[in-house]
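Reviewing the structure listed below.
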Amino acid sequence: MKQMKQNLTNFLIDGAMFLAFLIATAPRFSGLAIHEWLSLALAATIVTHLLLHWQWIIAIGKRFFAKTTWRSRLNYLLNALLFVAFTVTIATGILISREALPFFGLTMTRDRTLELLHHQASDLTVLLLGLHVAIHWSWIVGMVRRILPQRRSLRKPVVAMNRLEEVQQ
């Protein structure tokens with residue numbers, strides 16, 4: 001029961017992060033202000049995500065060169081790269097901010113190098129996040145199946161109803 005509750009918490013936080021990421025990666029649709037503020041909220045959520053998985057990070061980090069599965073090593077490396085890409089994206093995003101930073105009275109001169117780095121890190125983050133989702137796809141599907149009520153097949157009752165009608169005739 002405790003594990004299911006923890007899995008549900010992870011699933012909801014991960015789902016919220018993924019949705020926020022999808023919205024934040026489309027500033028042309030959401031607008032620059034939503035892009036920047038949502039990205040800052042996403043950064044805080046990523047910290048929460050890391051804290052929830054801290055025991056796993058430490059455990060696999062200690063066993064990385066010792067005895068562990070190749071899947072755990074791959075997942076660990078992918079997560080490390082994802083963390084670096086997210087960090088660069090968020091840091092450069094803060095430095096080139098035109099909405100959130102001025103709200104706090106801070107302004108930076110426009111820097112095309114930082115903007116380019118921000119876009120490249122963001123593109124890399126999209127790629128790595130796609131791989132992350134692919135690796136965890138069976139867990140995601142399993143959680144969705146546990147959360148959503150199972151639909152029963154309508155065919156069986158219909159067949160039974162047809163047989164009942166045949167018997168009555």
Furthest towards positive pole of dipole, Ala16, Phe65, Gln6, structure part the stretch 2-100, Cβ charges
Phe65
Arg98 to Asn10: FRET efficiency via 1/(1 + (r/R0)^6), r the Cβ-Cβ distance, R0 41 Å, to the nearest 0.05?
0.75
Amide H neighbours of Thr68 at under 5 Å, excluding residues fewer than 5 places away on the same chain, with H built from the backbone geometry, are none
Can you tell me the relative contact order of the chain? Whole percent, Cα pairs under 8 Å, sequence separation 6 or more.
20 percent
State, in angstrom, two size descriptors of the stretch 73-158 derived from its alpha carbons: Rg to one decimal place and Dmax to the nearest whole number.
20.7, 70
As an exercise, use a Förster radius of 25 Å and the Cβ-Cβ distance of Val84 and Gln150 to find the FRET efficiency, rounded to the nearest 0.05.
0.05
Only helices counted: for the chain, with every DSSP H run of 4 or more residues adding -39500 (n - 2.57) and the sum spread over all residues, [θ] at 222 nm is -26500 deg cm²/dmol
How fast does the chain diffuse by Stokes-Einstein, in µm²/s, taking the Kirkwood radius from C-alpha pairs at 10 °C and 1.306 mPa s?
83 µm²/s
Here the relative contact order (percent) of the stretch 82-138, from C-alpha pairs under 8 Å and at least 6 apart, is 44 percent
Taking the Cα centre of the chain as origin and charging only Cβ (+1 Lys, Arg; -1 Asp, Glu), how large is the dipole, in debye to the nearest 20?
900 debye
Suppose we take every Cα in the stretch 1-65 and form the convex hull; what volume per residue is that in Å³?
95 Å³
What does the accessible area per residue of the chain come to in Å², with a 1.4 Å probe and no ligands, DNA or RNA counted?
75 Å²
Got a number for carbon plus sulfur as a percent of the chain's accessible area, 1.4 Å probe?
67 percent
Ranked highest first by average number of other Cβ atoms within 10 Å, how do 70-81, 134-145 line up?
70-81, 134-145
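The values are calculated or read from the model by the stated rules, or taken from the named source; none is laboratory data. Only a predicted model underlies this, so the values are computations on that prediction, with no experimental measurement involved. Virtual Cβ from ideal backbone geometry, glycine too; neighbours counted across all protein chains shown. In case anyone asks, the SASA skips ligands and DNA or RNA and just uses the protein heavy atoms, side chains included. Shrake-Rupley method; radii C 1.70, N 1.55, O 1.52, S 1.80 Å.
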